[in-house]
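What follows draws every value from the coordinates through simple rules; no lab data is involved. What you see is a predicted model; the values in this text were computed from it and never measured. Cβ atoms come from the backbone with ideal geometry, glycine included; neighbour counts cover every protein chain shown.
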Amino acid sequence: MKEITSQTVFKALDEATGQVRRNLPSFTYQCQNHSSVNNFYPAVENNQWTCGFWPGEVCLAYEHTGDPVLVHAAHILSESFLSRIEQKIEVDHHDMGFLYTPSCVSLFKLDGSLRARKAALLAADQLLTRFQQRGSFLQAWGPMGARENYRFIIDCLMNLPLLYWASEQSGDEKYRTIALKHTQTCLANSFRPDGSTFHTFFMDPETGLPVRGETCQGYRADSSWARGQAWGIYGLALSYRYTSDPVCVDQFRTASEYFLSKLPSDLIPYWDLIFTEGDEPRDSSSASIVACGFLEMAAMLAADEAAYYISWAKALMQSLYEHYRVTDPHTSNGLVLHGTYSKKSPYNTCTPEGVDECVSWGDYFYMEALTRLKGDWVSYW
């Protein structure tokens, strides 16, 4: 496998930071849409679950350059996140971590912003309101308790670091306690014996017992949605960092091997891992997410095993850089092409959008993986 070099990492970060700077006039007082339209992101109000990723890119660009213009923009953006959580604008769901970790926890860690800290702590409080005692999980979407909404999704492992951080900041263990409970429920139900994953999992609202795994955005219920698999891999690494539970490492190994076994020759997965060749759309964002997860876990493993995952992370990033990155800002205002947000199939329930486009989390995790490869990095998660 061809692995990305240190020289290329720096070059890639320089290029990405240049694109972030070019985008500041469009996205300092507004947010990026979740995905591009014909490879260009439109500006939107701060009301989507994905709005936190663009401020995360701004923070990563600031870390790479030290440019005060970038941290100033990050402060402006963070104010809209404080306003959003105080006014409860589109926050009745589980994605508080995706929203507030890269936008506000990041800025607090980088620049000590107490207003960003306040916003993130309020978001952690909001996330706690999604917890279902019966079944012991954070409900993903919809009105609380309704049978058709009584489920969690594998993505939520990525929202839990906000709760661990909130306990560290507040001294109140209630956040950590809920995160641990959700993790145990996810470990028990979201991962199949072969390491593949369910996107969503329903629980019984009366007994709290497991009911069934389903998909919303994957091809079908018994396949493995590529981005869900990626969220699971990175989420397991983060869970292990916060819990030291060896089950997380064992499941990480199995889930990672399943993901790697389904990659096509250029190492960038199709949108669902049921596809390994052909003309189906790719999801470049899944590769960046997995690279971050591999690098996160590698820091906690013995040298030989760590080297294995670092090698794979470098190979994934090399392919993204060589074949998927935006090379001309006149053709796209994103960073990475060929992502997939939500593709309709005969078996899933999603709304089709953002297919074969740049996606905001794909751009963010591409920059995060490069930042991790550059050297020591204090994680936002």
request  = List, in the order given, every pair from LYS88/LYS174; LYS88/LYS109; LYS262/LYS344; LYS118/LYS344; LYS88/LYS181 whose Cα-Cα distance in the structure shown is over 31 Å.
outcome  = LYS118/LYS344
key: Under Karplus coefficients 6.51, -1.76 and 1.60, residue-wise ³J(HN,Hα) of the stretch 128-133 in Hz, glycine/proline x   = 4, 5, 8, 7, 9, 4
ask   = Under 20 Å from a point 7 Å along the Cα-to-Cβ line of LYS118: which residues of the stretch 73-92 have their amide N that close?
value = 73-91
note = Note to self, the chain gives a 222 nm [θ] from helices alone (DSSP H runs n ≥ 4, -39500 (n - 2.57) apiece, / all residues, nearest 500) of -16000 deg cm²/dmol
query = Candidates (1) 124; (2) 134; (3) 169; which is the computed volume of the Cα convex hull per residue in Å³?
reply = (1)
inquiry  = Quick query: amide H of SER342 versus all other amide H atoms, modeled in the peptide plane; which residues come in under 5 Å with a sequence gap of 5 or more or a different chain?
reply    = GLU353, VAL355
Gyration tensor verdict on the stretch 298-346 (Cα atoms; rounded if a/c is under 1.5, prolate if a/b is larger than b/c, oblate otherwise) = oblate
query = Efficiency by 1/(1 + (r/R0)^6): what FRET value for ASP111 and LEU209, r their Cβ-Cβ distance, R0 = 41 Å, to the nearest 0.05?
reply = 0.35
note = Calc'd 3J(HN,Hα), the stretch 234-244, phi into Karplus 6.51 cos²θ - 1.76 cosθ + 1.60 (θ = phi - 60°), Hz, glycine/Pro = x, comes to 5, x, 5, 4, 5, 4, 5, 4, 8, 10, 6
key: Among SER288, CYS31, THR5 - extreme Cα towards positive end, dipole of the chain, charges at beta-carbon   = CYS31
query = So what are the ³J(HN,Hα) numbers for the stretch 225-231, from phi and the Karplus equation (6.51, -1.76, 1.60; θ = phi - 60°), rounded to whole Hz, Gly and Pro as x?
reply = 4, 4, 5, x, 4, 5, 4
query = Once you sort the root eigenvalues of the Cα gyration tensor of the stretch 18-175 as a ≥ b ≥ c, which label holds: rounded (a/c under 1.5), prolate (a/b larger than b/c) or oblate (the other case)?
reply = oblate
task = Distance between Cα centroids, the stretch 153-210 to the stretch 331-365: provide it in whole Å.
result = 25
key: Which of ARG176, ARG84, ARG147 has the fewest Cβ neighbours within 10 Å, and the rest in rising order   = ARG147, ARG176, ARG84
request  = List the residues whose amide H sits under 5 Å from the amide H of ASP272, counting only those 5 or more places along or on another chain, with H placed 1.01 Å from N in the peptide plane.
outcome  = ALA226
ask   = Given 0.36 nm per residue, what is the gain on full extension from ALA306 to ASP376 after removing their alpha carbon distance, in nm?
value = 23.7 nm
note = The set of residues whose placed amide H lies less than 5 Å from the amide H of GLN132, leaving out same-chain residues fewer than 5 positions away, is PHE137, LEU138, GLN139
message = Using Cβ contacts closer than 10 Å as the measure, can you line up TRP377, TRP361, TRP141 from fewest to most?
response = TRP377, TRP141, TRP361
message = If you average the C-alpha positions of the stretch 228-306 and of the stretch 1-48 separately, how far apart do those two centres end up, in angstrom?
response = 23
message = I need the shape label for the stretch 136-203. Rule: rounded when a/c is under 1.5, else prolate if a/b > b/c, else oblate, with a, b, c from the alpha carbon gyration tensor.
response = oblate
note = Connecting every pair of Cα atoms under 10 Å apart in the chain and solving the GNM, the largest mean-square fluctuation among ALA315, ALA306, ALA124 falls on ALA306
request  = Would you mind working out the magnitude of the charge dipole of the chain relative to its Cα centre, with +1 at each Lys and Arg C-beta and -1 at each Asp and Glu C-beta, to the nearest 20 Debye?
outcome  = 520
query = What Cys residues in the chain are without a partner cysteine, judged by a Cβ distance under 4.7 Å?
reply = CYS59, CYS104, CYS156, CYS186, CYS216, CYS248, CYS292, CYS350, CYS358
